[in-house]
Amino acid sequence: MGNPDNISIVLVNTSHPGNIGAATRAMKNMGLSQLILVDPVDFPSGVAVGRAVSAVDILETAKVVGTLEEAVADCSLVIGTSARSRKIPWPMVTPEQCAEKIVGESTSAKTAIVFGREDSGLNNEELQLCTYHVQIPTNPGYSSLNLAAAVMVI
């Protein structure tokens, strides 16, 4: 079933600390504990701690880095998430295929699932660092998910 210690959730340039705390709760619900924050706007933060509730241990051990390159440097598999389709043809996987790939690869290597900014997601340069791209199927009329909800679904 993979090694949860080899699976990192990477949040890029998160603007609201409450979303960081809520994402840690989603991670803990799913048995994950490796959080990497890329250039967060406001961290550490009491708001993140308040939203984390019983997942404060994940916040306390979160790794903060300046760039996505740093965050995924030791990962053999990196999956980038996005709500928008792009014109550049990145290899796409479904959420189910994403799970299969992460579980399989994490048995012996470091892996990462990357989530972008709340307002604009990952930019093209950041998606270039990803092995695959995953999009959560949603209502075409409203595809925007809260960051923690997206972490939970993936």
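Inspect the range 82-98 for any residue being free of Cβ contacts under 8 Å to residues at least 40 places away in the same chain, open to solvent by 30 Å² or more (accessible area, probe 1.4 Å) and not in a loop (DSSP other than H, G, I, E, B) and give the result as yes or no. Don't jump to the end; show me each part of the working.
Start the filter on the range 82-98 by keeping residues that are free of Cβ contacts under 8 Å to residues at least 40 places away in the same chain, which leaves 87-89, 96-97.
With open to solvent by 30 Å² or more (accessible area, probe 1.4 Å) added as a condition, the list becomes 87-89, 96-97.
Among the residues that remain, those that are also not in a loop (DSSP other than H, G, I, E, B) are: 96-97.
There is at least one residue in the range 82-98 that is free of Cβ contacts under 8 Å to residues at least 40 places away in the same chain, open to solvent by 30 Å² or more (accessible area, probe 1.4 Å) and not in a loop (DSSP other than H, G, I, E, B).
What number of residues within the range 120-138 are in contact (Cβ under 8 Å) with a residue 60 or more places away in the chain and more than 21 Å from residue 27 (Cα to Cα)? Full working, then the answer.
We begin by selecting, within the range 120-138, every residue in contact (Cβ under 8 Å) with a residue 60 or more places away in the chain; these are 122, 126, 129.
With more than 21 Å from residue 27 (Cα to Cα) added as a condition, the list becomes 126, 129.
The total comes to 2.
Filter the range 12-25 down to residues that are of a type in the set (S, T, N, Q) and open to solvent by less than 60 Å² (accessible area, probe 1.4 Å) and give me whichever is nearest to residue 118 (Cα to Cα). Walk me through it before giving the result.
Within the range 12-25, the first condition is being of a type in the set (S, T, N, Q), and the residues that meet it are 13-15, 19, 24.
Those left that are additionally open to solvent by less than 60 Å² (accessible area, probe 1.4 Å): 13-14, 19, 24.
Values: 13: 9, 14: 7, 19: 9, 24: 16 Å.
The residue in question is 14.
Run down 48, 26 and say which single residue is touching a helix residue (DSSP H, G or I) at 6+ places or on another chain (Cβ under 6 Å) and over 20 Å from residue 136 (Cβ atoms). Give the derivation first.
On the way: 26 fails: over 20 Å from residue 136 (Cβ atoms).
Within the list 48, 26, the selection yields 48.
Mind listing whichever residues of the range 127-140 are open to solvent by less than 70 Å² (accessible area, probe 1.4 Å) and either farther than 11 Å from residue 90 by Cβ or part of a loop (DSSP other than H, G, I, E, B) (or both)?
We begin by selecting, within the range 127-140, every residue open to solvent by less than 70 Å² (accessible area, probe 1.4 Å); these are 127, 129-136, 138.
Across the range 127-140, the qualifying residues are 129, 130, 131, 135, 136, 138.
Yes or no, residue by residue, for (1) of a type in the set (A, V, I, L, M); (2) open to solvent by 70 Å² or more (accessible area, probe 1.4 Å); (3) outside any strand (DSSP E or B):
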position	(1), (2), (3)
5	no, yes, yes
10	yes, no, no
27	yes, no, yes
54	no, yes, yes
78	yes, no, no
103	yes, no, yes
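Going by what's in this entry, would residue 49 be described as modelled with pLDDT under 95, over 23 Å from residue 77 (Cβ atoms) and β-branched (Val, Ile, Thr)?
Values: modelled with pLDDT under 95: no; over 23 Å from residue 77 (Cβ atoms): yes; β-branched (Val, Ile, Thr): yes.
So residue 49 fails the test.
Please find, within the range 78-121, the residue that is farthest from residue 34 (Cα to Cα) out of those that are modelled with pLDDT under 95 and of a type in the set (S, T, N, Q).
The qualifying residue farthest from residue 34 (Cα to Cα) is 85.
Of (1) within 23 Å of residue 14 (Cβ to Cβ); (2) in contact (Cβ under 8 Å) with a residue 12 or more places away in the chain; (3) not basic (Lys, Arg), residue 73 satisfies all except one. Which?
Answer for residue 73: the failing condition is (2).
Could you count how many residues in the range 34-50 are open to solvent by 40 Å² or more (accessible area, probe 1.4 Å) and touching a Ser or Thr at 6+ places or on another chain (Cβ under 8 Å)?
Quick first cut of the range 34-50, residues open to solvent by 40 Å² or more (accessible area, probe 1.4 Å) only: 34, 39, 41-44, 46-47, 49-50.
Then drop every residue that is not touching a Ser or Thr at 6+ places or on another chain (Cβ under 8 Å), which leaves 34, 39, 41-43.
Qualifying residue count for the region: 5.
The values are calculated or read from the model by the stated rules, or taken from the named source; none is laboratory data. Predicted, not measured: the structure shown is a model, and the values here were computed from it. So basically every Cβ, Gly included, is an ideal-geometry build from the backbone, and we count neighbours across all protein chains shown. Accessible surface areas use protein heavy atoms only, side chains included; no ligands, DNA or RNA. Shrake-Rupley method; radii C 1.70, N 1.55, O 1.52, S 1.80 Å.
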